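The structure under discussion appears below in the form of structure tokens.
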Amino acid sequence: MKGPSLPLQTKLLYASDSLGSEALLESRGLWLLYYYAPPAHARTAPLLTIGLAGVVFAALPLFSALGNPLIGYWSDRTSSRMGRRLPFVLGATPLWAICGFLAFTPPRHAGETLIAIYLGLSLVLYSLTSTASGGPYQALMPEIATGNTERLSVNSFVVYFGAAGGAVGLVGSGLIIDRFGFRTMALSIAILALICRFVGMAGIWRRASRTQKPAQISLRDALRAAASNRFFRLYLPGFVLFQVGLTMTRAALPYYVKAILGVSKTGTWVSILTAVLIVTFVLCIPVQARLARRSSKRQAFRRAMLGAVFVFPLLALVGLVPAVPAAVQIVSVMVLAGLPVAGVYLFPATLTADIIDYDSLRTGFRREATYYQLHGFVEQVSTSLAPAFLAGLLLLGDTASDTLGIRLVGPAAGLLILAGYLVFRRYELPDEVLVPARSGSS
């Protein structure tokens, strides 16, 4: 049942969190592997070999990701004066920001083994604190926004702020690195993430439910119910495989710039390319929202994934088209990628909210955090493999004289997204899932 409409101010404040969280997420995804294992002739010496870095990035988050469903289950069952979500957000957010910064402060002269251990611990701690803060915060959205129109409205603001955060994390980070270095970049973006999450929490402080009944269901039954939810099983692989492909492609941009464009200002050029993608992405959000209103979210999501299948492999051709500068070619691919990326990123939170509504009809419990944390668990485990996939491809060639590995990144990402599309195309849950009135909205 639909609740009262949210004021514009509340929507904006809640959504503003994505500016900081996306800035932190994207800056780490873009630069962390490059920071520890830069290519030959980079300005900084490598801290780890590309192979060892890939193993650490892939292996350690797998263990910490196991905490996602446990934290979600814990949040759903919590009973406190602040409700089920706010205690987690309030306590874990400062630790999340600190851990985001610490990954860029390894003991540079401690030797490869100790540096690898430091990186692994920083990845685990960041993962756990990110889960404890971000999962319950995400779970607030279906609680405060009810109905398809209201959720699309809130999520549109989330995507816009996220695009701004992406600009900070992908564009601004490179500019800060070129001028001040990696540590200053990491510290400034971690502070931004901390401020934005607390601003968002303050914006919905009075609207977050304090009286929603805790989900009195065992962990085994909770996980079993989620695993048996057909629509969750069809939606999640599609989005996750897209994320793996995009993460791998994004992390390859510094290598493209260095080896194929052959420019010295790597950070500046990566910033230019990501700025082009983000501007196109933002301009395409209203287009994707209009397409969803004319048909459905699921159809718009399908079309966006299929578009990415055709666009991402074009990166393999950068620099090979005669009479066209390589810079023009890669900028053109970034422009084309904006439309499908906007379509995929606009709908996940609302699709998940629909799936949660469907689950409440089946089980009688509101379990937002369990679903968002399971979503995060699968996404984290899968995307943690992206650096390892990228590292494996780069072993086939990551220099100006041998670009084979770099050129294979785009086609590999396209194949991953195609697999996700083939699974998601069977998803048929309607945009409006009618659920009983919820207890406690204040």
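The values are calculated or read from the model by the stated rules, or taken from the named source; none is laboratory data. Quantities reported herein were computed from a predicted structural model and do not represent experimental measurements. Here the Cβ is made from the backbone with ideal geometry for all residues, glycine too, and neighbour counts use every protein chain on show.
What do you reckon, is GLY91 at pLDDT 80 or above and under 24 Å from PHE157 (Cβ atoms)?
Answer is no for this residue.
Here's the yes/no breakdown for (1) at pLDDT below 85; (2) in a helix (DSSP H, G or I):
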{"site": "SER271", "(1), (2)": "yes, yes"}
{"site": "VAL276", "(1), (2)": "no, yes"}
{"site": "VAL279", "(1), (2)": "no, yes"}
{"site": "CYS284", "(1), (2)": "no, yes"}
{"site": "PHE301", "(1), (2)": "no, yes"}
{"site": "MET305", "(1), (2)": "no, yes"}
{"site": "VAL311", "(1), (2)": "no, yes"}
{"site": "VAL324", "(1), (2)": "no, no"}
{"site": "ALA337", "(1), (2)": "no, yes"}
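Is it true that THR247 is part of a helix (DSSP H, G or I), touching a helix residue (DSSP H, G or I) at 6+ places or on another chain (Cβ under 6 Å) and surrounded by fewer than 19 Cβ atoms within 10 Å (Cβ to Cβ)?
No; evaluated as a whole, the condition is false for this residue.
Can you pull out every residue in region 286-320 that is surrounded by 19 or more Cβ atoms within 10 Å (Cβ to Cβ), among the aliphatic types (A, V, I, L, M) and under 21 Å from the mean Cα position of the chain (by Cα)?
Once the filter is applied, which keeps residues that are surrounded by 19 or more Cβ atoms within 10 Å (Cβ to Cβ), among the aliphatic types (A, V, I, L, M) and under 21 Å from the mean Cα position of the chain (by Cα), region 286-320 yields ALA289, ALA300, ALA304, MET305, ALA308, VAL309, VAL311.
Might you check whether a residue that is under 18 Å from the mean Cα position of the chain (by Cα) and free of Cβ contacts under 8 Å to residues at least 60 places away in the same chain occurs anywhere in region 140-150?
No - not one qualifying residue is present in region 140-150.
For region 155-191, which residues satisfy the criterion of being at pLDDT 85 or above, surrounded by 22 or more Cβ atoms within 10 Å (Cβ to Cβ) and either touching a Pro at 6+ places or on another chain (Cβ under 7 Å) or within 28 Å of ARG210 (Cα to Cα) (or both)?
Within region 155-191, VAL158, PHE161, GLY162 qualify.
Please identify the pairs in which a residue from region 279-302 that is closer than 15 Å to GLU432 by Cβ has its Cβ atom under 9 Å from the Cβ atom of a residue that is aliphatic (A, V, I, L, M) and assigned to a loop (DSSP other than H, G, I, E, B), counting only partners at least 6 apart or on another chain.
ARG298/LEU429
Being assigned to a helix (DSSP H, G or I) and surrounded by fewer than 23 Cβ atoms within 10 Å (Cβ to Cβ) is the filter here, so list the residues in region 255-265 that pass it.
First pass over region 255-265, keeping only residues assigned to a helix (DSSP H, G or I): 255-261.
Hits for region 255-265 are ILE260, LEU261.
Filter region 83-115 for residues that are in a loop (DSSP other than H, G, I, E, B) and loosely packed, with under 15 Cβ neighbours inside 10 Å and give the result.
THR105, PRO107, ARG108, HIS109, ALA110, GLY111
So, in region 130-154, how many residues would count as being modelled with pLDDT of 80 or more and of a type in the set (Val, Ile, Thr)?
Looking only at that region, the number is 2.
Conditions tested, residue by residue: (1) on the phi < 0 side of the Ramachandran plot; (2) modelled with pLDDT of 80 or more; (3) buried (at least 19 other Cβ atoms within 10 Å of the Cβ); (4) hydrophobic (A, V, I, L, M, F, W, C).
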| position | (1), (2), (3), (4) |
| --- | --- |
| LEU393 | yes, yes, yes, yes |
| ALA413 | yes, yes, yes, yes |
| ALA419 | yes, yes, no, yes |
| LEU434 | yes, no, no, yes |
